[in-house]
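Everything below concerns the one structure shown next.
The values are calculated or read from the model by the stated rules, or taken from the named source; none is laboratory data. All of these numbers come straight from a predicted model, not from anything done at the bench. Ideal geometry is used to build each Cβ from the backbone, glycine not excepted, and the neighbour counts take in all protein chains shown. When the accessible area is computed, the model is the full protein with side chains, heavy atoms only, and any ligands, DNA or RNA have been set aside. Shrake-Rupley method; radii C 1.70, N 1.55, O 1.52, S 1.80 Å.
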Amino acid sequence: LASCLLQVMGLASQVQPPPCAEEVVKQQELASQANAGQRQVGPRSGAPGRPWCTKCVRSLNTCICSALPIGAPLDTRSLIVLLIHPKEVQRSLGTAPLLQLCLRNMILKVGDRFPEPDEDPDFHEQLRDGGRRCFLVCPGPGAEELRPPAPQPPSTPGCGEACWSMLRHRLSSTRAASASTDPPRTLIFIDGRWRQAKSMVNRSTWLREELPRVVLCPTEQSGYVFRKQPAEGCLSTLEAVAEALLALEGQRGPALKAALLAPFRRMVEVQCGFIPEVQDKNERLVEIGQRRLQRAAGPGDPDDETEKTLRPFSVEVAHQLADAALAPSGKEDLAPTCSPDPVHCIVRWGERGVVDREVIVVQIARTPVETAKRRAREMSAGKSRGNRFWVLTPDKVPKGALYEASAASL
């Protein structure tokens with residue numbers, strides 16, 4: 001009996017006691033400091049003995065400090081506010097830690113909902129300090145489009161040390177002033193998975209109903225090679241902040257964007273070195289964006305079968321194509337008393353983007369609406385929702401729609 005008792009006591013001594021009250025309080029203090037923006041949010045330090053960089057809080061073999069801009073953190077007129085989902089905080093490849101290293105005028109909040117004005121009035125007063133207007137960076141009805149003031153030069157990879165020297169000099173020489181005369185803004189970004197971000201916006205009445213929205217018009221596709229984006233124009237949080245500063249910071253915009261993207265691209269490059277046979281998961285979206293820019297620049301290539309030569313649509317074009325389609329049958333010589341059928345368009349959705357989704361006109365003809373609808377139902381057979389066809393009159397086709405070169409056939 002004594003020996004059994006000793007064995008039980010020995011096993012009990014091996015069981016680790018629960019954390020003491022001081023440890024619990026310490027963990028709560030760390031969480032509150034993160035919400036107040038007092039702690040570096042990012043990956044945790046490594047195991048004892050593993051060499052780590054104390055600045056970027058990464059192991060030395062993945063350190064990105066060499067790509068950080070000189071003089072960081074940099075000043076900006078715009079106030080950047082990040083609401084980060086709690087599950088996103090400890091992601092080792094998140095971009096919020098890079099933004100903390102690069103930008104000074106920035107506030108970071110950790111939580112799954114944004115505090116309402118009556119819950120944290122001091123925080124909301126800080127958001128509007130200096131007469132700033134607050135905007136939520138999120139697509140929605142009536143969202144203002146943020147576009148760069150002028151066409152930008154090619155992105156920085158491969159530009160050489162001379163190019164970097166020019167960009168760094170431009171940052172330092174224009175740090176104190178900005179060419180933009182608009183009042184400074186507070187931009188609120190939601191950092192998390194796409195489903196998490198949607199839920200975080202819906203949980204805050206102030207964000208969802210009272211705050212005006214802005215939407216970015218990206219000048220390039222995401223460089224997150226190993227993380228798949230859901231649609232064309234979707235960016236990481238750092239890339240979205242870089243595009244916003246490009247549009248709002250005047251002459252400093254291009255240099256600020258380059259300064260932010262340099263450590264991000266370095267992080268992606270280092271990570272890709274650990275992935276065997278890495279492939280760009282967003283390559284298809286890059287091709288879609290390039291074709292969109294080509295269509296905006298001018299007519300497409302007639303021999304491009306993949307694009308079917310998409311061209312800008314207009315009401316005048318619809319009537320011209322419909323009348324031209326009647327010519328071979330001799331119906332162009334209709335008597336004045338004969339009323340021709342109205343023009344109808346069969347349309348479908350194009351590629352989805354952040355700003356909008358294209359509408360593609362696939363067929364145009366003068367025909368009764370019943371005939372056009374029957375044809376649309378036949379074309380939709382076996383297709384899932386979102387890939388089906390429907391009928392519109394030319395004046396109801398949304399602005400910015402495109403039509404296929406072979407559309408005048410029904």
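Residues checked against (1) farther than 17 Å from residue 104 by Cα; (2) open to solvent by 60 Å² or more (accessible area, probe 1.4 Å); (3) hydrophobic (A, V, I, L, M, F, W, C); (4) touching a residue at least 60 places away in the same chain (Cβ under 8 Å):
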{"site": "244", "(1), (2), (3), (4)": "no, no, yes, yes"}
{"site": "248", "(1), (2), (3), (4)": "no, no, yes, yes"}
{"site": "251", "(1), (2), (3), (4)": "yes, yes, no, yes"}
{"site": "255", "(1), (2), (3), (4)": "no, no, yes, yes"}
{"site": "261", "(1), (2), (3), (4)": "no, no, yes, yes"}
{"site": "266", "(1), (2), (3), (4)": "yes, yes, no, yes"}
{"site": "273", "(1), (2), (3), (4)": "yes, yes, no, no"}
{"site": "276", "(1), (2), (3), (4)": "yes, yes, no, no"}
{"site": "279", "(1), (2), (3), (4)": "yes, yes, no, no"}
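Can you find a residue that is under 19 Å from residue 258 (Cα atoms) and at pLDDT below 90 anywhere in the range 188-202?
Step one: list which residues in the range 188-202 are under 19 Å from residue 258 (Cα atoms), which gives none.
No: zero hits.
Residue 89 - would you say it is among the β-branched types (Val, Ile, Thr), within 20 Å of the chain's Cα centre (by Cα) and over 22 Å from residue 74 (Cα atoms)?
yes
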